[in-house]
1. Give the range 168-198 a look and list any residue that's surrounded by 14 or more Cβ atoms within 10 Å (Cβ to Cβ) and of a type in the set (D, E, K, R), or say none.
2. Please determine, by comparing only the residues of the range 1-10 that are surrounded by 13 or more Cβ atoms within 10 Å (Cβ to Cβ) and more than 10 Å from VAL47 (Cβ to Cβ), which one is nearest to the chain's Cα centre (by Cα).
3. Quick one: what pairs do we get from the range 97-111, first residue within 18 Å of LYS19 (Cβ to Cβ), second surrounded by 15 or more Cβ atoms within 10 Å (Cβ to Cβ) and of a type in the set (Gly, Ala, Ser), C-beta under 7 Å, 6+ apart or different chains?
4. Hey, does the range 203-222 have a residue that's at positive phi and either surrounded by 20 or more Cβ atoms within 10 Å (Cβ to Cβ) or hydrophobic (A, V, I, L, M, F, W, C) (or both)?
5. Which residue pairs have Cβ atoms closer than 9 Å, lie 6 or more positions apart in sequence or on different chains, and pair a first residue in the range 196-212 that is within 18 Å of LEU113 (Cα to Cα) with a second residue that is modelled with pLDDT of 80 or more and surrounded by fewer than 14 Cβ atoms within 10 Å (Cβ to Cβ)?
6. Are any residues in the range 152-177 over 21 Å from VAL189 (Cβ atoms) and part of a loop (DSSP other than H, G, I, E, B), and if so, which ones?
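The values are calculated or read from the model by the stated rules, or taken from the named source; none is laboratory data. Quick caveat: nothing in here was measured; it's all calculated off a predicted structure. Here the Cβ positions follow ideal geometry from the backbone for every residue, glycine too, while neighbour counts run over all protein chains shown.
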Amino acid sequence: MLLVEDDEDVAGTLQRVLKKEGYSVEWVATGQEAVTTALGSRPDVVVLDLGLPDMDGLDVCQELREQGYDGGILMVTARADELDRVLGLDYGADDYLAKPYGVAEMQARVRALARRSARRTPVGAPGSAPAPDATPAEAPAAAPAPVLGGVLRVDVPARRVWVDDEEVALTPKEFDVLALLHAEPGAVVSRDDLMTQVWDEHWFGSTKTLDVTVGRLRHKLTTAASTTEVVTVRGVGFRLENG
């Protein structure tokens, strides 16, 4: 786990709390360190304070997503109004925690993001079954032979997506939306069902974050030349449709 916090006292407290939960915690104090470290070590979760000395935490989040980081991002900030909450999620965060917050709430949100990231843990990673004769840097067992033609493949247990032989890096929320749509190809999944199952029934922010997530998902599929697209059914929801 990566903790991004410029206040040393706050960082020390959070490190102690998270380490008691069993997490390995690395701490950095600036946005640039956060980008470099997260892209290098690929932690399962980044706990990101928005008030950093060298760059805005929103820019850190956006850069991480643009550079392909697909772990969980929990934004922590004193900016408490709904507009800032929506902005943070639009920039690619998975969850948002406003100061002041309770330690139990912080722990619960981190646990939820860590569980999602754990579902993407490849063979050979800590906690997974060992792969014979594989080094830590090696990928899981050979992927299926590529099928050319813009074919979309979704491996739900491994939380991986391919278009032909190209793997598409998705954020946890993007993957969850795609997995729900892919479960019933051609069927419409309502906005309410997507919000409930991806963001959970306690979500109270704007549903605009769903549209932004779908927009990013569409862009990634289009960039990978997928013949499957996410289609909007106005006033109802979305469905997957083969081109």
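1. If the condition is that a residue be surrounded by 14 or more Cβ atoms within 10 Å (Cβ to Cβ) and of a type in the set (D, E, K, R), then LYS173, GLU174, ASP176, ARG191 are the ones that fit.
2. Here is the first cut: in the range 1-10, the residues surrounded by 13 or more Cβ atoms within 10 Å (Cβ to Cβ) are 1-6, 10.
Now narrow it down to the ones that are more than 10 Å from VAL47 (Cβ to Cβ): 6, 10.
Working: ASP6: 23, VAL10: 25 Å.
Going through the qualifying residues, I end up with ASP6.
3. Cβ pairs passing all conditions: none.
4. Within the range 203-222, not a single residue is at positive phi and either surrounded by 20 or more Cβ atoms within 10 Å (Cβ to Cβ) or hydrophobic (A, V, I, L, M, F, W, C) (or both).
5. TRP203/THR196
6. ALA158, ASP164, ASP165, ALA169
The rows are residues; the columns are (1) under 19 Å from THR171 (Cβ atoms); (2) modelled with pLDDT under 85; (3) out of contact with any strand residue (DSSP E or B) (no Cβ under 9 Å at 6 or more places or on another chain).
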residue	(1), (2), (3)
PRO185	no, yes, no
VAL188	no, no, no
GLU201	no, yes, yes
LYS208	yes, yes, yes
VAL212	yes, yes, yes
ARG216	yes, no, yes
GLU229	yes, no, no
THR232	no, no, no
GLY237	no, no, no
